[in-house]
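Notes follow the structure.
Rule-based calculations on the coordinates, nothing more; no lab input. The shown structure was predicted, so the numbers you read here are calculated from the model rather than taken from an experiment. Cβ coordinates were reconstructed from backbone atoms using ideal geometry, including for glycine residues, and neighbour counts include every protein chain displayed.
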Amino acid sequence: MKTFIKKLSKAIAGASAGLILATAGASSVQAIDTSVVDEAWGKPTFVYGGGLTEAEIQQTADLLKIEDMNNVASTPATGEDLQKYLGYGSGNSASMVSSVLVQRDNNSGVNVDIITPENISVITEQQYINAAITAGVEDVNIEVASIRPVTGESALTGVYKALEVNGEELDQERMEVAQDELEATSDIAEGEDLDEEESNRLDGAIVEIKQQLADIKERTDNLATREEIEQIINDALEKYDLQNTISIDNINILINYFEKYQNTSAIDSEEVKKQLSEFANDLGDRLGDAWQQAEESGLLDRIANFFKDIVRSITNLFN
């Protein structure tokens with residue numbers, strides 16, 4: 001019975017958060033136009049999963065609205081690429097299914113659009129963006145698609161491959177740390193059963209932590225101590241109203257991750273600071289205005305009290 005009530009409360013909380021998010025609207029990501037030749041790269045780059053058949057490659061291209069394959073540069077993401085960029089895997093390409101279409105877009109920041117959210121079961125667009133910035137990705141539009149269900153955790157392999165075939169190489173350590181970030185944040189979101197709105201707030205907290213660590217490095221020319229990292233994490237979680245949501249175990253996962261993060265060149269990269277600032281603004285547009293308006297109008301309190309009454313009534317019914 002307690003489990004049922006807990007799940008019901010979680011579902012109701014998600015529904016109320018959804019009502020608030022609906023007033024904010026999703027961030028707009030312009031679809032990649034494969035008929036346009038970019039000054040930097042020429043054609044957009046289509047990196048398809050190396051485990052796909054020819055028919056499945058075409059099916060994926062259709063999902064990404066690639067009408068003419070001559071309008072894109074195409075290359076597979078293989079198991080060997082997974083080993084090369086992310087530092088793990090067997091080298092077998094059979095499991096490489098998710099695919100990406102990547103286009104350089106100067107001064108745009110990093111933008112991600114998951115075309116098949118029903119088949120990308122774990123990773124969110126914001127998690128991709130956060131991790132890609134850590135790796136050193138900048139000013140690109142990325143579309144992600146999969147013809148069948150996958151976690152999506154290896155999709156960044158395709159992004160890194162697209163950059164490389166266009167003559168842009170990323171730091172190996174940062175790519176591997178970015179993958180650690182992607183897995184840590186997605187595991188926390190999944191383990192804590194975060195709804196969409198809570199997951200977005202966690203992404204905002206991750207950006208805040210990165211910015212605070214960079215500020216310490218800039219001000220003191222030293223890295224933050226473990227105790228300082230823990231305080232920064234706790235402050236960020238409180239700022240985004242997650243202090244009672246994220247467990248101690250998951251806070252320790254974040255502490256361990258950010259100790260590793262601040263030892264990469266991302267910590268004092270001016271480009272990372274710029275990309276994070278743009279991403280933070282986007283998250284603010286997605287969450288901040290609607291949340292603030294709802295709070296000021298008393299909508300949050302009314303929603304919370306309404307649903308609390310429902311849960312209380314159901315609980316009394318079973319007692």
Self-check item: Nonlocal Lys pairs with alpha-carbon distance under 19 Å, segment 192-303 (8 or more apart, or different chains)
Solution: 8
Self-check item: Label-to-label distance, nm, for residues given as Glu259 and Ala94 (7 Å Cα→Cβ offset)
Solution: 3.8
Exercise. List Arg148, Arg174, Arg201 from most exposed to least, where exposure is judged by having the fewest other Cβ atoms within 10 Å.
Key: Arg148, Arg174, Arg201
Quiz item: Given labels modelled 7 Å from the Cα in the Cβ direction, how far is it in nm from Val122 to Asp268?
Solution: 3.5
Quiz item: In percent, what relative contact order does segment 45-170 have, based on Cα pairs under 8 Å that are 6 or more apart in sequence?
Solution: 31
Quiz item: Based on the mean of other beta carbon atoms within 10 Å per residue, what is the order of 263-270, 278-285, 183-190, most packed first?
Solution: 183-190, 278-285, 263-270
Exercise. Compare the Cα positions of Gln126, Ser74, Gln58 along the charge dipole of segment 52-144 (+1 at Cβ of Lys, Arg; -1 at Cβ of Asp, Glu; about the Cα centre) and return the one farthest towards the positive end.
Key: Gln126
Quiz prompt | Three-way shape label, segment 116-244, alpha-carbon gyration tensor, a/c 1.5 | solution = oblate
Quiz item: For segment 81-123, what does the alpha-carbon gyration tensor say about shape, rounded, prolate or oblate, given a ≥ b ≥ c as the root eigenvalues, a/c under 1.5 as rounded, and a/b over b/c as prolate?
Solution: oblate
Quiz item: Could the peptides 234-241, 137-144 be put in order, highest first, of the mean number of other beta-carbon atoms found within 10 Å of their residues?
Solution: 137-144, 234-241
Self-check item: FRET efficiency, Asp215 to Val165 (Cβ-Cβ, R0 45 Å, nearest 0.05)
Solution: 0.80
Practice problem: At q = 0.09, 0.16, 0.17, 0.20 Å⁻¹, what is the base-10 log of I(q)/I(0) for segment 45-170 according to the Debye formula with one equal point scatterer per Cα and no solvent? Please give it to two decimals. | Solution: -0.21, -0.70, -0.80, -1.15
Quiz item: Going highest first, how would you order 122-128, 152-158, 216-222 by mean Cβ packing within 10 Å?
Solution: 152-158, 122-128, 216-222
